[in-house]
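Step one of this worksheet: look at the structure below.
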Amino acid sequence: MLGRSIFCLLLMCCLSSCAIRDAYPNARNPIDVSQVIVFNKPPRFSYEVIGSIRSPALDTFDRQTIVASAVKGLKEKAAALGANGVIVGDTDMFLAAYIRASTGTYFFRGMPWMWGRSEMDGFYRGDGFPPVQLSGEAIFYSKKKVPSKNDE
């Protein structure tokens, strides 16, 4: 019985790693988050794009914490893909969308209402609304290419 449980656990781990490889064919072995460099714009040196990633933010009123938590999530996802860099999307637009969503004005600005609809009762549920997420690109660059302050 214990052997069967261990086998199922190992099989599940293998299948989940295959799913990551299918979604991100350029993925590498995971690295430590501290090795991931954040870029606000594409760097001037050559790099390989591993894939697009997204991260939600913590629910808080502090604007710096909102952006910092989303960037931290991007770094964690990039590290899991073996990327040593992440090019962060437009944080100003992300923050504006986050604030709009958290104040309720998001619901009147093109919200796809069907996402929260329950087919059983015809009512809209609040848990059906997707979180606002910061997007970015996970990248890998050669260690020989040391990013300068102009690139970050």
Notebook entry, point to check: For Glu76 and Asn40, FRET efficiency with R0 = 22 Å and r from the beta-carbon atoms, rounded to 0.05?
Noted result: 0.75
Notebook entry, point to check: For the pair Arg100 and Glu48, how long in nm is the line joining their label points, each one 7 Å along Cα→Cβ?
Noted result: 3.7
Notebook entry, point to check: In nanometres, what is the gap between the two model label sites at Asp59 and Asp90, each 7 Å from Cα along Cα-to-Cβ?
Noted result: 2.7
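Readers should treat all values here as calculations from the given coordinates under stated rules, not as data from a laboratory. Bear in mind the structure is a predicted one, so any value in this text is a computation, not a measurement. Using ideal geometry, Cβ is built from the backbone for each residue, glycine included, and neighbour counts are taken over all protein chains shown.
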